[in-house]
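Novice: The structure is given below, and queries will be raised subsequently.
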Amino acid sequence: MQKKIPQRQCMGCRERKAKRELIRVVRGPEGTVSLDFSGKAPGRGAYLCPNAECLKKAIRSKALDRSLETQIPQQVYERLEKEMEQQNG
């Protein structure tokens with residue numbers, strides 16, 4: 001029997017994709033927002049495609065802010081942009 005691949009929804013394009021293909025943004029138990037590349041950090045998570053267009057849509061619609069129930073610091077968005085540039089590089 002084939003193992004089920006976990007699916008998550010991108011906050012930008014709203015498409016469902018394999019969890020491993022997406023970047024996880026997590027709000028930890030103490031309220032700090034960071035990027036989680038292991039996918040195992042504790043806290044509430046939201047996912048984005050490694051695509052600058054999805055990031056722009058998520059910023060415009062404040063989808064990450066709503067999903068994580070907190071204000072996302074600008075440096076998190078900047079780090080996301082850098083990571084996407086490196087991955088698409």
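What follows draws every value from the coordinates through simple rules; no lab data is involved. Everything numeric here is computed off the predicted structure, so don't read it as measured data. Heads up, the Cβs are rebuilt from the backbone with ideal geometry, glycines too, and the neighbour counts pull from every protein chain shown.
Novice: Could you work out the relative contact order of the stretch 7-88, using alpha carbon pairs under 8 angstrom and six or more residues apart, expressed as a whole percent?
Specialist: Relative CO of the stretch 7-88 lands at 29 percent.
Novice: Separate question: Per DSSP H run of at least 4 residues, take -39500 (n - 2.57); add these up for the chain, divide by its residues and hand me the 222 nm value, nearest 500 deg cm²/dmol.
Specialist: Theoretical 222 nm ellipticity from helices: -10500 deg cm²/dmol.
Novice: For the stretch 6-45, which trypsin sites (Lys or Arg not before Pro) pass both filters: DSSP loop (anything but H, G, I, E, B) and at most 15 other C-beta atoms within 10 Å?
Specialist: Arg14, Lys40
Novice: Can you tell me the length gained on complete extension of the stretch Ala41 to Asn88, counting 0.36 nm per residue apart and subtracting the Cα distance? Don't jump to the answer; show the numbers that get you there.
Specialist: On the way: separation 47, 0.36 × 47 = 16.92 nm, distance 2.41 nm.
In short, 14.5 nm is gained.
Novice: Just how many pairs of Lys in the chain have C-alpha atoms closer than 26 Å, counting pairs that are eight or more places apart or on different chains?
Specialist: 23
Novice: On to the next question. For a quick check: sort Ile5, Ile23, Ile59 by the number of other beta carbons within 10 angstrom, fewest at the front.
Specialist: Ile5, Ile59, Ile23
Novice: List the residues, sorted by chain then number, that are 5 or more residues from Arg44 or on another chain and whose placed amide H is less than 5 Å from its amide H.
Specialist: For Arg44, whose amide H was placed from the backbone, the distant partners under 5 Å are Arg27.
Novice: So what's the Cα pair-distance distribution over the chain, bin width 10 Å, in %?
Specialist: Using 10 Å bins, I get a P(r) of 18, 54, 24, 4, 0 for the chain.
Novice: Next up: Determine the dipole magnitude for the chain: charges of +1 sit on the beta-carbon of Lys and Arg, -1 on that of Asp and Glu, nothing else is charged, the reference point is the Cα centre, and the result goes in debye to the nearest 20.
Specialist: On the way: 19 positive and 11 negative charges, 102 e Å.
With only Lys, Arg, Asp and Glu charged at Cβ, the dipole is about 500 debye.
Novice: Which cross-chain or sequence-distant (5 or more) residues have an amide H under 5 Å from the amide H of Gly12, H modelled 1.01 Å from N in plane?
Specialist: Those lying under 5 Å, H to H, from Gly12 are Cys49.
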